[in-house]
Amino acid sequence: MILQEGLITFISKMPSGQGFPYDLPAVNYSQKMLASKLFFDELLISISDKELDSKLLSSLQNIQYTLNEYNSSDIQTNLKEIEILYAHFVQLRSILENDDFSSKEIKSELKSFLHLLQSQKNEHPLLQVIPTRLGKYWKDLFHCYDDKRIPRTNLDIERSFNHLKKIKRKRTGVNKCSMYFTHEGRSLIHIENITDKYKDDFSESRFLEEFTAKRVFVTKEQLENQAQIRDLDKSFFKSQYHKKIPLLDAELTFEKLADRIKLI
């Protein structure tokens, strides 16, 4: 049971709020792998003097070897760099999201921020992508803080476009769009996939045949039984192996399991 719970915690996904780059679920997952490594190390030591199925022992040793390789590689160094970049990204967001500030105040905050980045230029060269990008858009970046009618974010801009499209449709009565393949491409692909095997037969009856209900050659009882088994399997799979366990909860679980290992 200890091993099963440890494996479930190990393979569990990380809950993600807004996703990268607004949070770092992949980095948290990597940190959880380090906690997993410590758990499996302690588990293998505790069972070293006990008889264990050879296949299970081999699988555990393979997991331990893989985790050792992973945690001793350059990945950890790269992850630290990502965390540093992320911290500065969060700081930049906190400055730009102050929509009650004037453009002058935002510029002042950004200049202090850029001065900090300049002092870290040699230690973290990747941070220079931030001043480079800000410099590219600097001229037109601040109008929205003085004129609230100007959309500040990409989402606000898209909402503005959609609002204008609605007005155009109402006034002109034109619903068709000239960019047909851009808007209808997905539907065309679905139809193409359905009709591909009938490419030499363009008859209407052959096309409609694909959407006609087919006779099922199993009994109703068999279907119900299969559906029940599938639902049970699906329920167990979701409850156990589709868990999303936050990093802190995973670390606490491994600590509790480690305490239980000592009692074996």
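Do the conditions hold for Asp23, that is, is it assigned to a helix (DSSP H, G or I), charged (D, E, K, R) and either at pLDDT 85 or above or surrounded by 15 or more Cβ atoms within 10 Å (Cβ to Cβ) (or both)?
Numbers: assigned to a helix (DSSP H, G or I): no; charged (D, E, K, R): yes; either at pLDDT 85 or above or surrounded by 15 or more Cβ atoms within 10 Å (Cβ to Cβ) (or both): yes.
No: the conditions fail for Asp23.
What are the pairs with Cβ atoms under 8 angstrom where one residue, in the stretch 248-264, is without any contact (Cβ under 8 Å) to a residue 60 or more places away in the chain and under 21 Å from Asn28 (Cα atoms) and the other, located anywhere, is in a helix (DSSP H, G or I) and of a type in the set (S, T, N, Q)? Sequence gap at least six, or different chains.
Listed by first residue and then by second, the contacts come to nothing, as the list is empty.
Taking the condition over 20 Å from Lys121 (Cα atoms) and in contact (Cβ under 8 Å) with a residue 24 or more places away in the chain, does Asp99 pass?
Working: over 20 Å from Lys121 (Cα atoms): yes; in contact (Cβ under 8 Å) with a residue 24 or more places away in the chain: yes.
Here the answer is yes, as Asp99 does meet what is asked.
Does any residue of the stretch 1-18 turn out to be crowded, with 16+ Cβ neighbours inside 10 Å, assigned to a helix (DSSP H, G or I), of a type in the set (Phe, Trp, Tyr) and more than 22 Å from the chain's Cα centre (by Cα)?
The answer is no, given that none of the residues of the stretch 1-18 is crowded, with 16+ Cβ neighbours inside 10 Å, assigned to a helix (DSSP H, G or I), of a type in the set (Phe, Trp, Tyr) and more than 22 Å from the chain's Cα centre (by Cα).
Can you give me the number of residues within the stretch 26-37 that are out of contact with any helix residue (DSSP H, G or I) (no Cβ under 7 Å at 6 or more places or on another chain) and surrounded by 15 or more Cβ atoms within 10 Å (Cβ to Cβ)? Talk me through it step by step, then tell me what you get.
Quick first cut of the stretch 26-37, residues out of contact with any helix residue (DSSP H, G or I) (no Cβ under 7 Å at 6 or more places or on another chain) only: 26, 29.
From what's left, surrounded by 15 or more Cβ atoms within 10 Å (Cβ to Cβ): 29.
So the count comes out to 1.
Output the residue which, of all residues in the stretch 33-54 that are of a type in the set (Gly, Ala, Ser) and within 36 Å of the chain's Cα centre (by Cα), is modelled with the lowest pLDDT. Full working, then the answer.
Pass one, the stretch 33-54, residues of a type in the set (Gly, Ala, Ser): 35-36, 46, 48, 54.
Okay, now just the ones that are also within 36 Å of the chain's Cα centre (by Cα), so 35-36, 46.
Working: Ala35: 90, Ser36: 91, Ser46: 84.
Top of the filtered list is Ser46.
From (1) surrounded by fewer than 14 Cβ atoms within 10 Å (Cβ to Cβ); (2) part of a loop (DSSP other than H, G, I, E, B); (3) modelled with pLDDT under 85; (4) within 32 Å of the chain's Cα centre (by Cα), pick out the condition that doesn't hold for Asp100.
Among (1) surrounded by fewer than 14 Cβ atoms within 10 Å (Cβ to Cβ); (2) part of a loop (DSSP other than H, G, I, E, B); (3) modelled with pLDDT under 85; (4) within 32 Å of the chain's Cα centre (by Cα), the lone unmet condition for Asp100 is (3).
The values are calculated or read from the model by the stated rules, or taken from the named source; none is laboratory data. All of these numbers come straight from a predicted model, not from anything done at the bench. Reconstructed Cβ throughout: ideal geometry from the backbone, glycine too, with neighbour counts over all protein chains shown.
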